[in-house]
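Some notes on the structure that comes next.
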Amino acid sequence: MRVGYANLVTSGRLLLVAYVAWLISQPPLATVAWTAVVVSTIAALLDIADGWVARRTGTATAFGARFDMEVDALLILVLAVLAWDWGKAGAWVLLSGLLRYAFVAGGWLLPWLQNPLPPSLRRKTICVVQIVALIVVLGPIVTPPLSTLIAAAGLMILGYSFLVDTIWLWRTATRRTARDPAYPSWS
C-alpha cells in the first residue's frame, strides 16, 4: 500500500496534535495558550489540504478518510482536555472529545451503530465548528463565562450531530429487520 501525499499531510497533522497534547503538561501561561491556538489552527487548516491533495492526486481512499477523521477526533479530545485543564470550561467539556469514542464503543454493544453512514456535509461542517470553537476557547483573551458558553455551544452542536446519525442508523437497522426477518435485530 502506498502512503500517498494526502496521508503524509494527515500524518503531519497528527504530529501537530501530538505537540498540542504535550502542552497539557505545561502551565496555562499566555504564551502556552497562544502556542496551542496557533498550532491547532495550523492542524485545522491542514485538514482542508489533505482532502484536496487526495482528490487532486486521485489517491483518495477509505483508509485516508478514516485516518483524517480519527486525527480530527483526537484533536477535539486534546483541545477539550486543555479547555478543562486550563479552567475554560467544566469537566463536561471532555464530552466533546469523548463522543466519538463513546459512539465507537456503543457499536460494540449495539452492532447497528457500526453500519456505514452516508457522506454528510452537516457532519463535516459541525466537526469544523467544534474544532474552531475549542480553539477560540483556548485563546488567552477568552475567559469564563464566555469560554464556557462557547464550549457549551460547540458541545450541543456536536451532540446534535451524533444524535442525528444515531437515529438514522437505528431507523435503517429497524427497516432492514422489518423487510428481512433473517436480518439480525439489534434493537
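A short reminder: the numbers here are calculations on the coordinates, not readings from a lab. No experiment lies behind these values; they were computed from the predicted model shown. Neighbour counts are summed over all protein chains in view; Cβ atoms, including those assigned to glycine, are modelled from backbone coordinates with ideal geometry.
Before moving on, here are some points about what is shown:
- Listed residues 75, 109, 46, most fluctuating in the chain (Gaussian network, C-alpha, under 10 Å): 109
- Nearest 10 degrees, 0 to 90: helix 62-85 Cα axis against the chain principal axis: 50
- Between residue 55 and residue 102, the simple spin-label model (points 7 angstrom out along Cα→Cβ) gives 3.2 nm.
- Against the main long axis of the alpha-carbon atoms of the chain, helix 146-179 sits at an angle near 10°.
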